[in-house]
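Novice: Please see the structure below; I have some questions.
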């Protein structure tokens, strides 16, 4: 037993040829978030506090698809969503459709702690944010040039698709250096367990680039993008629709509980069997202080550490021995 | 076993003092919906089509809390949500925050079939509805006088209230309420509107489907989403079973109730009724909820830990039952 923590910055088609100047800020962020998470665990902060503070950090970082740096809807706007869950009590909070709230994950926590509900969305959530006095800003704060570009590329690709009679394969890799095909980079998330076996999970996202206005993905859905109970805590990322129908986060825990699989086995099973290739990744920790990070996409920004000194930061699948 | 099976529900958590004529009304509606589903199953309509059809019927009738007759949000409007799942392929569709769409479950189906996504909400969902040309009506259409009255009571629910629908026993209404402190979701049972309607079906090809629809919790904060549109919580279907839940949204979400039934069948090899019993008994902690389920083998089951659940079920071999209480 001992504490453990894992962080993810999104799973998707991250080509190994990704330019250093794109890769480095993300790796640095993973390293930084791991450090602040580990420091917090060492300082005996609760896992719930730890996952919230790490995800806030990632939301504030414009290189990830959450908070500032969120991908854009088809109208060029930002609609953010997040959820958080406490393993001990299975209490949870979720928000969707946020446009001005600087830290969606913190609003999700307030929904959990300050309302009789679990999930608030759109205008109602924004109103609640104002009532709670959380930090809100003009929506333009969240929009980055990179995402304006991303949206433009995707919309042009769709237009081009319509012009051709031959259907373009969905998984066709794009060759241009700027179009790095990362429109699937899903979310940010963090899972943590302390040395008493208390678990928590948090996930946050801007969603799917060029998504329809009002589209909700897996991230705010308890059991899909986020789950924690007294066995494990899971944060999933990838193609929302696939993660949702496979109830990814819940299934990892269910396999441990009902089939006696280990954390690693359960995560591997879900990633390999329950979601199509190229669709998902997850990070998870167990009550025993184990950690696992699994993906079936080209890459997933991630980092983890355990009390016994193990730590790992990565993007592409690690070469297992 | 084998063959088709169907179950419908109109919500869990029923006021034990519900007047007999209202109980009769509810049973009649459940029977009518069940018969509608049965006749379609006999004509070989697929499970996914049957669940949609039956839930549309329940939404259209103002009796239960969905579509017309939905519970009202804090500002007096209706915000409806629904989800549908096709066990054959686990495709799903969900909607939330609807206020002009006549049949939310049908919009959920269109999200599943005609959009690149699985869940649309609020103005985005309403825009999609317009694009798809589904039937739209004014928000007033959904609001019943009875629910306007109930909303008022719900707002007063922090103090002792009386339920004007139930004939007062002299002036002792206050003590009458004190004697039945049954609560669901923080509301006295007399004011609580059993949340949701739902339908689960397995057709004669063994395909399962599930659908759930609701107006949500009476006096909810605007923007509140409950369990009904959440895949894995209020609705779930896979190749083994179809499940629709109702009751305290928080408990159902935390317990990922609908998925749980399928998970214990899949991973622990439990049969349908065993799985339902296990989930109701072990997965609700202090929460109150009920659910209906069918299996690909033609079984049907229901379970609840609430005081009553409006429900009905039928199987191909002639079994049929409509009930409210234990």
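Novice: Do the conditions hold for residue A:124, that is, is it surrounded by 24 or more Cβ atoms within 10 Å (Cβ to Cβ), under 22 Å from residue B:222 (Cβ atoms) and free of Cβ contacts under 8 Å to residues at least 12 places away in the same chain?
Specialist: Here the answer is yes, as residue A:124 does meet what is asked.
Novice: Checking residue B:198 against (1) surrounded by fewer than 24 Cβ atoms within 10 Å (Cβ to Cβ); (2) touching a residue at least 12 places away in the same chain (Cβ under 8 Å), which single condition isn't satisfied?
Specialist: Of the numbered conditions (1) surrounded by fewer than 24 Cβ atoms within 10 Å (Cβ to Cβ); (2) touching a residue at least 12 places away in the same chain (Cβ under 8 Å), the odd one out for residue B:198 is (1).
Novice: Residue A:281 - would you say it is surrounded by 24 or more Cβ atoms within 10 Å (Cβ to Cβ), away from every other protein chain (no Cβ under 14 Å) and under 21 Å from residue A:34 (Cβ atoms)?
Specialist: Yes, satisfied.
Let's see how each residue does on (1) within 18 Å of the chain's Cα centre (by Cα); (2) in contact (Cβ under 8 Å) with a residue 24 or more places away in the chain; (3) closer than 21 Å to residue B:240 by Cβ:
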{"position": "B:30", "(1), (2), (3)": "yes, yes, no"}
{"position": "B:43", "(1), (2), (3)": "no, no, no"}
{"position": "B:56", "(1), (2), (3)": "yes, yes, no"}
{"position": "B:65", "(1), (2), (3)": "yes, yes, no"}
{"position": "B:85", "(1), (2), (3)": "yes, yes, yes"}
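Novice: Check the range A:61-75 and report whether any residue there is in contact with a strand residue (DSSP E or B) (Cβ under 6 Å, 6 or more places away or on another chain), outside any loop (DSSP other than H, G, I, E, B) and either crowded, with 24+ Cβ neighbours inside 10 Å or without any contact (Cβ under 8 Å) to a residue 24 or more places away in the chain (or both).
Specialist: Checked against the condition, which is being in contact with a strand residue (DSSP E or B) (Cβ under 6 Å, 6 or more places away or on another chain), outside any loop (DSSP other than H, G, I, E, B) and either crowded, with 24+ Cβ neighbours inside 10 Å or without any contact (Cβ under 8 Å) to a residue 24 or more places away in the chain (or both), the range A:61-75 yields no hits at all.
Novice: Just to verify a result, which residue in the range A:255-268, among those that are in contact (Cβ under 8 Å) with a residue 12 or more places away in the chain and in contact with a helix residue (DSSP H, G or I) (Cβ under 6 Å, 6 or more places away or on another chain), is nearest to residue A:304 (Cα to Cα)?
Specialist: A:267
Novice: While we're on this one: In the range A:140-150, what residues are farther than 17 Å from residue A:22 by Cβ and surrounded by 14 or more Cβ atoms within 10 Å (Cβ to Cβ)?
Specialist: Across the range A:140-150, the qualifying residues are A:141, A:142, A:143.
Novice: From A:242, A:228, A:224, which residue is surrounded by fewer than 24 Cβ atoms within 10 Å (Cβ to Cβ) and either at the interface with chain B (Cβ under 10 Å from one of its Cβ atoms) or closer than 25 Å to residue B:91 by Cα (or both)?
Specialist: A:242
Laboratory data are not the source of any read-out in this text; all were calculated from the coordinates shown. Bear in mind the structure is a predicted one, so any value in this text is a computation, not a measurement. With ideal geometry, Cβ positions are generated from the backbone for all residues, glycine too; neighbour counts draw on all protein chains shown.
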